[in-house]
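Nothing in this text is a laboratory measurement; each read-out follows from the coordinates by a stated rule. Predicted, not measured: the structure shown is a model, and the values here were computed from it. Every residue, glycine among them, receives a Cβ derived from its backbone with ideal geometry; neighbour counts consider all protein chains shown.
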Number of protein chains: 2
Amino acid sequence: MVVRQQERTELDDREVDRIFQALADSTRRDVVVRVLGDSERGQSVSSLASHYAMSFAAVQRHVAVLERAGLVRKERRGREQIVRGDVTTVRAAARLLAEYEELWRGRVTRMEQILAEPEGDDS
Amino acid sequence: MVVRQQERTELDDREVDRIFQALADSTRRDVVVRVLGDSERGQSVSSLASHYAMSFAAVQRHVAVLERAGLVRKERRGREQIVRGDVTTVRAAARLLAEYEELWRGRVTRMEQILAEPEGDDS
DNA sequence: GTAACGTACAACAACATGGTTGTACGTCAG
DNA sequence: CTGACGTACAACCATGTTGTTGTACGTTAC
C-alpha cells in the first residue's frame, strides 16, 4: 500500500494541475504549513479543523484535495486520521518553478522538449 | 537586460491564490514557458494562440489570467500585444515553496534567513 | 477608403469549486 | 450496551472556470 515513489522529478500534466490547484487556496496552504511543520507527529483532521472558521466537512474536503495532489498523506490511528505533509511533492513543484526560472535565464534545460518546436516558425 | 526589479518577497494571500491558480492549467503553464523562454522579444497573443487547439478568445483569456496573477505582462506594439514573462513572480512562488521545504526540515521559518541563503546548499 | 489583422469583451453552456447541513458508521470510554 | 468522538460522504446552493461564438474597434496593408 505504500507506493514507493522515489523522488520523482517528472510530473504528469494532470498531477501538476492538481498540485498547483491544491496550493491555490489559503486554507489549504495553511494546512500544508501546519502538517509540514509537525511532520513527526502529524495532526488529526479534527485538530486541523479546529483552527478554521468553517465546518469540519469543509476542512476534511480541503485535506482530501491536498491528498489527491500528493501534498499530504493520511494514516489511520484508531479512530483518527493523522495527516502528514509530503515534502516530496512540494519539492517537485518547487523544482518545476526553478526550471521556469532557468528558462528565463536562457539556460535551456529539459524544457526544449516541452516546447518541441524550434522558434522562428511564427511571425 | 536583467531587469532589477523590486523583488518583493511578501505576497498577499490573494496574490498567491491567483499565482497558483494560474499555474494550475497546462495551457497556461505552456504559455509561461514560451514567453519566459523568449523573454527578449516576447510573443504576440495571436502567435501564442496559434499553438493551441482552442479559439483565440480562449487563449486570450488564459493570458489575462496569467497577467492578473503577475506571471506575464503585456505591452502594446502597434496592433499587437506583446506578452512577456515576469520571472519575479515565478521566483516569488518558488521561494514560497522553498519556505515550505525549510519548514519540513525543522528549521525555523525565519524568512529573511531563508531568502538570504545562497543557492546550491541542497543535498 | 477598404479589407484584413489583432485584440477586447459580452453572452452562453457545461462543469468544477467551496461552502453548508444531514446522515452513517467505526472506534473509544463509561 | 450506550453515548460521544472522529471520520466519510451525499445532497444542495452559490459562484467561478473554461470553453464556445459573435460583435466591436483600432491598426496596418493595399
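Starting at 0 and stepping by 10 Å, how many percent of the alpha carbon pairs of region A:13-108 end up in each bin?
16, 46, 25, 9, 4, 0
Using a label position 7 Å from Cα in the Cα→Cβ direction, what is the ascending list of nm distances from A:Ser39 to the same site in the other copies?
For A:Ser39, the inter-copy label distances come out at 2.9 nm.
Just want the answer: with Cβ charges of +1 for Lys and Arg and -1 for Asp and Glu, which residue in B:Ser50, B:Val33, B:Leu66 is farthest toward the dipole's positive end in region B:13-112?
Of B:Ser50, B:Val33, B:Leu66, it is B:Ser50.
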